[in-house]
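Trainee: Take this structure, written in structure tokens, and hold onto it; I'll ask about it next.
The values are calculated or read from the model by the stated rules, or taken from the named source; none is laboratory data. What you see is a predicted model, and the numbers here were worked out from it, not measured in a lab. Reconstructed Cβ throughout: ideal geometry from the backbone, glycine too, with neighbour counts over all protein chains shown. Ligands, DNA and RNA are excluded from the accessible area calculation, which covers all protein heavy atoms including side chains. Shrake-Rupley method; radii C 1.70, N 1.55, O 1.52, S 1.80 Å.
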Amino acid sequence: MKLSQAATALLASAIAVSAFTVPSRNSGTTSLASRRFESTSPAFKSGLFMSDGAVMDAETVEEGVEKYEFQAEVGRVMDIIINSLYSNRDVFLRELVSNSADACDKKRFLSITSSADTDGASVGDSPAIQIKADKDAMTVTIEDSGVGMTKSELMNNLGRIAQSGTKKFMEALGEGTADVNLIGQFGVGFYSAYLVADKVEVVTKSMQPDSKQYRWASDASSSYTISEDDTDPIVGSGTRLILHLKDDALEYLETSKLEELLQHYSEFVEFPISVWKEKTEYKKV
């Protein structure tokens, strides 16, 4: 059956066009370019580079994948977050973007003061933050081109009380002087990811010379895994945080929702933040 000329002119094919776009900032607010999120990143609060001398017992669960147990206090904090029914879950994006901004800030500082020690680590790259929602995979990815982490930094920053500040957070909760919405003030903002995700993966590559790319993963149980990673290599250095969303948190797959939160929370972040957007264009056939 042949189409009429008019029908042919009207028939179009839908093509998805995707790109990162920068959400507009609130033009009606006073600009304070020098103000930033309060640092919530344990890695940023520690030295320039943490020691690689950390030793923890590991269980090899499969070739190349090591399993570690969370320190007890970290596990308790995660339990509190997972079971927080009355918390404002939107704060997860504030905390994770804040951590990404800290990593970018640290890279910028190191690119000025320690270029000799980070030779070949792409210190000249302009730090930035990108956010992408994948409806098919039900994930939200927050990626920065900041300083990145080594294997021992992953273990120290995400699995140990010494660097995470969970003890102070637990004490404040017990005293009634804090709630989960204030988690960032205690340096444990990373765990806010579990407000919306039942599994979190952290892919990272340090800007230290000859660093390898690693993948940290935990489904909010009592343990986490670390393995070398060669999928979708990070250029230079940085961290890619992948949130596997809970069934009741799928609203965060909407680009409009993410942009709304970024406009509210990211006004004072110094580094460019872009959100992956898809649109449909029509072409005549």
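Trainee: Compare the peptides 149-158, 216-225 by average per-residue count of other Cβ atoms within 10 angstrom and give them in order, highest first. Write out the running numbers ahead of the final one.
Mentor: Working: 149-158: 22.9, 216-225: 17.5.
Sorting 149-158, 216-225 by mean packing, highest first, produces 149-158, 216-225.
Trainee: Follow-up question, since we're still on this one. Can you sort THR141, THR113, THR204 by solvent-accessible area, 1.4 Å probe, largest first?
Mentor: The ordering from most to least exposed comes out as THR113, THR141, THR204.
Trainee: Give the accessible area for LYS168 in Å² (nearest 10); use a 1.4 Å probe, count only protein heavy atoms, and leave out ligands, DNA and RNA.
Mentor: Number for this one is 140 Å².
Trainee: Let me ask another. Where in segment 203-283 are there trypsin sites (Lys or Arg not before Pro) that are in a DSSP coil and have at most 16 other Cβ atoms within 10 angstrom of their Cβ?
Mentor: LYS212
Trainee: In nm, give the distance between the simple-model label positions of ASN88 and ALA172, each being 7 Å from the Cα along the Cα-to-Cβ direction.
Mentor: So the two model labels end up 1.5 nm from each other.
Trainee: Which value, in Å² and to the nearest 10, is the accessible area of TYR214 when all protein chains are kept and the probe is 1.4 Å?
Mentor: For TYR214, solvent-accessible area is about 40 Å².
Trainee: Just read off the accessible area of PHE109 with the full protein assembly in place, 1.4 Å probe, to the nearest 10 Å².
Mentor: About 110 Å², rounded to the nearest 10.
Trainee: Show ASP102, ASP134 ordered by accessible area, largest first, where the area counts protein heavy atoms only and the probe is 1.4 Å.
Mentor: The residues order as ASP134, ASP102, largest area first.
Trainee: Okay, next question. Which length gain, in nm to one decimal place, applies between SER221 and THR60 when the Cα-Cα distance is subtracted from 0.36 nm times their residue separation? Show your work: numbers first, answer last.
Mentor: Numbers: separation 161, 0.36 × 161 = 57.96 nm, distance 1.69 nm.
Fully extending the segment from SER221 to THR60 adds 56.3 nm.
Trainee: Past the 19 Å Cα-Cα mark, which pairs from LYS168/LYS246; LYS168/LYS199; LYS132/LYS257? Don't jump to the answer; show the numbers that get you there.
Mentor: Details: LYS168/LYS246 28 Å; LYS168/LYS199 25 Å; LYS132/LYS257 12 Å.
In this structure, LYS168/LYS246; LYS168/LYS199 lie more than 19 Å apart at Cα.
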